[in-house]
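Comments concern the structure below.
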Amino acid sequence: MDKFVITGGAALRGEIPTNGSKNAALPALAAALLTAEPVTLKRIPRVRDIRTMQRLLVDIGSQAEVEGETVCLHTPQIVCPEAPYELVKTMRASSLVLGPLVARCGRARVSLPGGCAIGGRPINLHILGLEQLGARIHQSHGYIEAEARDGLRGAVVHFDRITVTGTEDLMMAAVLAKGETILRNAAREPEVVDVADLLTKMGAQIEGAGTSTIRIQGVEKMGGAEHTIIPDRIEAGTFLIAGAITGGDLAITGCNAGHLDALVSKLQQAGVDVTQPDGGTLRVLGGGKLRSVDVTTEEYPGFATDLQAQYMALMTQAEGIAMITETIFENRFMHAQELARMGANIRIDGKQAIVAGPHELTGAGVIASDLRASASLVLAALVARGETVIDRVYHIDRGYERIEAKLARVGAKIRRVE
Ligand code: EPU
């Protein structure tokens, strides 16, 4: 198992380019199942979750050609409409094939995901939605079996709570349903809009993506398309915090600054100088005194839960008390104990973490528990005195493409050891 060895103290200076979004690329890959024609996706990040999704699609019947960041998927036929437990347990987003499979071939068998380090990850809302579109659902042996031999039919689906992949899954199912589908209380994340853009290029009729009501007029058939994935706002946000926490001067290029408004606003309130030289670049200039600023995670356009752990690392270095409230997942504070081992003063009380700062962090052996928690530990290590060894960095490889190489290029003392 790989580890990162990081020696803290270097201010990061230079440019870091942003990759394509993992969470937009995953549903885009699944969308390729909706057509027998080739779908070419550009700016696909080379991270482990993407390779897992590609493996799943090949098992289902896709031919995949990968060249650099471009992936061409061609699925003349669905050979096996199934997402097995072995893959779903390593990546919950595998359930994104459910909607496309039922829509394309009238049946799907998808393992239930089970628990996860950050909390329960049920897919009950995906299932309820599909039932409303006319699928018959049966659960046995840990699997969901969905059937709609005569095709799906449009319906009004009201999500009890906002779900990102649930919205994407239902949107993909509805594009081939007979008649109109209306998704209410839909997720408004940029990743949902990106999938809607791809589906539209493939022939779908979708209105309202990016708002909480999405209207889809079903079409007979979907076709091939070429599409470039949006920049990864969580990767870009992680690097913004890296610039702030090390007191450096970083330009994050190739990002969509508008997708990062909530984080940028918090950083500015905390005393970090963030400017936008152009729409695709954010420049962060650290080094001033950091102030504690409270944060509550919310669905987009609120503060992303996927940036909460990284923001907590920053708050350990800020003057005052920061209250960090996590409202999306029930157990997403696993990084707090590891940060505390490095010297942070953090108290957890239910959905809230109370961070008192600033406290000097010192290098220690720590364990990465999930993707974003790992990013938080890397950020803390960059500012800690001495050496930090982060174990189980396979978590970070799920969603960051060669983070150590990107950070080393701007001056971080970080290396990967086996
Ligand atoms: N939920 C249900 N029932 C459902 C679906 C969700 O109760 O059927 C609950 C979840 O348990 C959670 C909340 O609703 O408490 C929101 O979950 P959501 O479905 O929005 O999460 P997701 O679609 O499984 C995506 C991202 C996550 C990100 C969340 C929230 C992908 C592949 N994953 O997950 O990304 O944290 O939205 O923004 O898009 C990450 O990249 O590190 C990551 C975990």
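Just a few scattered comments:
Results for (1) at pLDDT 95 or above; (2) more than 13 Å from the ligand (Cβ to nearest atom); (3) of a type in the set (A, V, I, L, M), shown as yes or no for each residue.
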residue: Gly20; (1), (2), (3): yes, yes, no
residue: Ala32; (1), (2), (3): yes, yes, yes
residue: Ile50; (1), (2), (3): yes, no, yes
residue: Cys80; (1), (2), (3): yes, yes, no
residue: Ala83; (1), (2), (3): yes, yes, yes
residue: Arg92; (1), (2), (3): no, no, no
residue: Gly99; (1), (2), (3): yes, no, no
residue: Ala103; (1), (2), (3): yes, yes, yes
residue: Gly114; (1), (2), (3): no, no, no
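- When Val110 is tested against (1) open to solvent by less than 10 Å² (accessible area, probe 1.4 Å); (2) closer than 12 Å to Ala173 by Cβ, only condition (2) is not met.
- Among the residues of segment 239-253, those identified as open to solvent by 10 Å² or more (accessible area, probe 1.4 Å), in contact with a strand residue (DSSP E or B) (Cβ under 8 Å, 6 or more places away or on another chain) and either hydroxyl-bearing (Ser, Thr, Tyr) or under 12 Å from Pro277 (Cα atoms) (or both) are Ala251, Thr253.
- Restricting Ala174, Ala155, Ala187, Ala204 to residues that are over 18 Å from Pro27 (Cα atoms), of a type in the set (A, V, I, L, M, F, W, C) and open to solvent by less than 30 Å² (accessible area, probe 1.4 Å) narrows the list to Ala155.
- Flag for Val71 being open to solvent by less than 50 Å² (accessible area, probe 1.4 Å) and β-branched (Val, Ile, Thr): yes
- Arg149 closer than 28 Å to Ala373 by Cα and in contact with a Lys or Arg (Cβ under 9 Å, 6 or more places away or on another chain): no
- Boolean, Val193 is within 16 Å of the ligand (Cβ to nearest atom) and either assigned by TED's automatic domain parsing to the domain that holds Val88 or in contact with a Gly (Cβ under 9 Å, 6 or more places away or on another chain) (or both): yes
- Every condition in (1) out of contact with any Pro (no Cβ under 9 Å at 6 or more places or on another chain); (2) within 30 Å of Ile182 (Cβ to Cβ); (3) open to solvent by 10 Å² or more (accessible area, probe 1.4 Å) is met by Asp261 except one, and the failing one is (1).
- Only strands (runs of 3 or more DSSP E) whose full extent lies in segment 289-393 are considered here, and the ones with at least 2 residues that are open to solvent by 10 Å² or more (accessible area, probe 1.4 Å) and among the acidic types (Asp, Glu) are 387-391.
The values are calculated or read from the model by the stated rules, or taken from the named source; none is laboratory data. All figures in this text were calculated on a predicted structure; none of them were measured in a lab. Here the Cβ is made from the backbone with ideal geometry for all residues, glycine too, and neighbour counts use every protein chain on show. What goes into the accessible areas is simple: the full protein's heavy atoms, side chains included, and nothing from ligands, DNA or RNA. Shrake-Rupley method; radii C 1.70, N 1.55, O 1.52, S 1.80 Å.
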